[in-house]
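Undergrad: Quick one: the structure is below, and I'll ask about it shortly.
The values are calculated or read from the model by the stated rules, or taken from the named source; none is laboratory data. Computed from a predicted structure; not experimentally measured. For neighbour counting, all protein chains shown are included, and Cβ atoms are generated from backbone atoms with ideal geometry for every residue, glycine included. Accessible surface areas use protein heavy atoms only, side chains included; no ligands, DNA or RNA. Shrake-Rupley method; radii C 1.70, N 1.55, O 1.52, S 1.80 Å.
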Amino acid sequence: MKREELYYFYLILFHIGIGFVIFLFPILAKVYGFSILFLGSYFIIKKQNKNQEVLLVAAYLVGSEVFLRMTGGTISYEFSKYGVMIFLVMGMYYSGFSKTAVPYWIFLLLLIPGVILSTFVLNFDTNIRTTIAFNISGPVCLGVASIYTYRRKIALERMYDILLCMGLPIISCMVYLAFYTPNIRDVLTSTQSNFETSGGYGPNQVATFLGLGMFIFFSRIILNSRTKFMVVINLILAVNISYRGMVTFSRGGMITGLLMIMLLLLFLYFKSNLRGKLKLNYIISLIALALVVSWSYTSFQTGGLINKRYANQDAKGRVKQTQLSGRGEVAMNEIDLFLKNPVFGVGVAKGVEVRRAETGNGTLSHDEITRMMAEHGSLGILALLILFFTPFILYLENSFNLFLLCFVAFWFLTINHAAMRTAVPAFVYSLSLLNVQLSKSKRQNEVS
């Protein structure tokens, strides 16, 4: 076994061990969470971000977020978002930021009127500071991360490292889930999203991370497995993560992960020569077979309930009236709020209060797009347009960022079903702005 393979194998085993040990001793989740923050800061300071260490540390924190939440390892609910911002500000201190990141400064400025408005319109008994922070931390995290990554040059190999750092804590999460719910059939009674198979935490968020993990390790099979041993290791990880994601019975994250894999394969297929296309055909066949096996095993373990879930049926096979679990009504309410308040919106976090007063439904929005429209008005739409079009403009400048379409798709689809409750859509979006270099550059910290 080569040294590189051995190191990778030990890294995987270490994170399998983390998942198992935290299952046995949940109190160690706090130690794990604090260790990421303090050791990550020490690592950045020691290396002075000479080789984009800040992105590695931020990626690891992002990947660990849902695992820390389900095990009680977070300092606060917004721990990951604030941690990512702290790390990236440290990165800016050592390496600067792009002076041309004007779109994202404008994006942050467009959020301010909604924040100011909310300080006047929120109910008297509302904790204004924490309520605003909860709703605005996701977009602010995205803005800060994007200012750091905008057109920053980075080697393709470093991008692989960043994705691996994000995927390693997801392995720990997968192992924890396997021990938390060893027998899937014992807890399945319907085709609804299942908290028991999600570590007792929100299935929507858990599936989002597992879907991302599925993409990361399938992408490593395609791009970063130089030996058969590496292919086998990454295939085992990808299949197991896929299985654990599917049995959460939350569809959004898994569909997003599958779409990212398809986008990556299509990009590589159109960019490859004839020899490359032939090799890709074998890889596509392998991945397709792995997904079929994973689905078949999941169907067997769930007694066919997973088939009914994705067919939008209940346990008795009856088709449900809607696939949105009440989210459609919330989204329509937010569109209605926008039409009534088209300029500045109703203010950050005010949408929930208005909805509760008018309909009695105080459900938080799962759709960041309609939330931005309702709470920020036309300024919110302008902010979303900046986020949507800027990566594609950069793509015309640097079409080698093979992950760009995957990252933007992940951000867009995730904010449509899980809003920005976690740091992962913000951070993954920011990676689409990197200027990926084919060969390792001596000036990786340079920004345009």
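Undergrad: Among the residues of the stretch 184-203, what is the count of those that are open to solvent by less than 20 Å² (accessible area, probe 1.4 Å) and not in a loop (DSSP other than H, G, I, E, B)?
TA: The number of residues fulfilling the criteria is 4.
Undergrad: For residue 360, state whether it is out of contact with any Lys or Arg (no Cβ under 9 Å at 6 or more places or on another chain), over 23 Å from residue 252 (Cβ atoms) and open to solvent by less than 10 Å² (accessible area, probe 1.4 Å). Spell out the reasoning first.
TA: On the way: out of contact with any Lys or Arg (no Cβ under 9 Å at 6 or more places or on another chain): yes; over 23 Å from residue 252 (Cβ atoms): yes; open to solvent by less than 10 Å² (accessible area, probe 1.4 Å): no.
So residue 360 fails the test.
Undergrad: Can you pull out every residue in the stretch 179-220 that is β-branched (Val, Ile, Thr) and at pLDDT 95 or above?
TA: Result: 206, 208, 216.
Undergrad: For residue 134, state whether it is open to solvent by less than 30 Å² (accessible area, probe 1.4 Å), of a type outside the set (Val, Ile, Thr), closer than 30 Å to residue 92 by Cα and part of a helix (DSSP H, G or I).
TA: So residue 134 fails the test.
Undergrad: Shifting gears a bit: Could you identify the single residue in 178, 207, 238 that is small (Gly, Ala, Ser), open to solvent by 10 Å² or more (accessible area, probe 1.4 Å) and assigned to a helix (DSSP H, G or I)? Write out each step before concluding.
TA: On the way: 207 fails: open to solvent by 10 Å² or more (accessible area, probe 1.4 Å); 238 fails: open to solvent by 10 Å² or more (accessible area, probe 1.4 Å).
Within the list 178, 207, 238, the selection yields 178.
Undergrad: Here's a follow-up. Of the conditions (1) more than 25 Å from residue 421 (Cβ to Cβ); (2) buried (at least 16 other Cβ atoms within 10 Å of the Cβ); (3) at pLDDT 95 or above, residue 51 satisfies every one except a single condition; which number is it?
TA: Only one criterion in (1) more than 25 Å from residue 421 (Cβ to Cβ); (2) buried (at least 16 other Cβ atoms within 10 Å of the Cβ); (3) at pLDDT 95 or above is unmet by residue 51, namely (3).
Undergrad: Within the stretch 63-74, is even one residue surrounded by fewer than 19 Cβ atoms within 10 Å (Cβ to Cβ) and more than 24 Å from residue 379 (Cβ to Cβ)? Spell out how you get there, then give the answer.
TA: Going residue by residue through the stretch 63-74, those that are surrounded by fewer than 19 Cβ atoms within 10 Å (Cβ to Cβ) are 72.
Right, trim to more than 24 Å from residue 379 (Cβ to Cβ) and you get 72.
Yes, the conditions are met somewhere in the stretch 63-74.
Undergrad: Take residue 270 and tell me if it is closer than 30 Å to residue 373 by Cα and among the aromatic types (Phe, Trp, Tyr).
TA: So residue 270 does not fit the description; no.
Undergrad: Within the stretch 88-103, can you find the residues that are part of a loop (DSSP other than H, G, I, E, B) and either under 10 Å from residue 148 (Cα atoms) or of a type in the set (D, E, K, R) (or both)?
TA: Hits for the stretch 88-103 are 96, 97, 98, 99, 101.
Undergrad: Report, by residue number, each residue of the stretch 19-67 that is within 19 Å of residue 426 (Cα to Cα) and of a type in the set (S, T, N, Q).
TA: Hits for the stretch 19-67 are 52, 64.
Undergrad: Only one of these is crowded, with 19+ Cβ neighbours inside 10 Å, of a type in the set (Ser, Thr, Tyr), more than 19 Å from residue 407 (Cβ to Cβ) and out of contact with any strand residue (DSSP E or B) (no Cβ under 9 Å at 6 or more places or on another chain): 172, 219. Name it.
TA: Within the list 172, 219, the selection yields 172.
Undergrad: Also: One residue is enough: does the stretch 294-314 have a residue meeting the conditions in a loop (DSSP other than H, G, I, E, B), open to solvent by 60 Å² or more (accessible area, probe 1.4 Å) and touching a residue at least 60 places away in the same chain (Cβ under 8 Å)? Please lay out each step first, then the result.
TA: Just the residues of the stretch 294-314 that are in a loop (DSSP other than H, G, I, E, B), to begin with: 302-304, 311-312, 314.
Still in the list and also open to solvent by 60 Å² or more (accessible area, probe 1.4 Å): 303.
Applying the additional criterion that residues be touching a residue at least 60 places away in the same chain (Cβ under 8 Å) yields 303.
There is at least one residue in the stretch 294-314 that is in a loop (DSSP other than H, G, I, E, B), open to solvent by 60 Å² or more (accessible area, probe 1.4 Å) and touching a residue at least 60 places away in the same chain (Cβ under 8 Å).
Undergrad: From the list 248, 256, which one is outside any helix (DSSP H, G or I) and within 19 Å of residue 413 (Cα to Cα)?
TA: Within the list 248, 256, the selection yields 248.
Undergrad: Count, please, the residues in the stretch 100-118 that happen to be surrounded by fewer than 18 Cβ atoms within 10 Å (Cβ to Cβ) and touching a residue at least 40 places away in the same chain (Cβ under 8 Å).
TA: 3
Undergrad: Restricted to the stretch 376-396, and to residues that are open to solvent by 60 Å² or more (accessible area, probe 1.4 Å) and without any contact (Cβ under 8 Å) to a residue 60 or more places away in the chain, which residue is farthest from the chain's Cα centre (by Cα)?
TA: Only one residue fits best here, namely 396.
Undergrad: Cβ-Cβ distance below 7 Å, separation of 6 or more or different chains: which pairs start in the stretch 148-159 with a residue that is over 14 Å from residue 429 (Cβ atoms) and open to solvent by 40 Å² or more (accessible area, probe 1.4 Å) and end on one that is in a loop (DSSP other than H, G, I, E, B) and not β-branched (Val, Ile, Thr)?
TA: Note: pairs meeting the criteria are 151/98; 151/433; 151/448; 153/441; 153/443; 153/444; 153/446; 157/440.
Undergrad: On the basis of being at pLDDT 95 or above and either touching a Leu at 6+ places or on another chain (Cβ under 7 Å) or surrounded by 17 or more Cβ atoms within 10 Å (Cβ to Cβ) (or both), does residue 40 make the cut? Talk me through it step by step, then tell me what you get.
TA: On the way: at pLDDT 95 or above: yes; either touching a Leu at 6+ places or on another chain (Cβ under 7 Å) or surrounded by 17 or more Cβ atoms within 10 Å (Cβ to Cβ) (or both): yes.
Yes: the conditions hold for residue 40.
Undergrad: A follow-up question, please. I'm trying to understand the selection: among the residues of the stretch 14-50, which are touching a residue at least 24 places away in the same chain (Cβ under 8 Å) and not in a helix (DSSP H, G or I)?
TA: Correct list: 26, 48, 49, 50.
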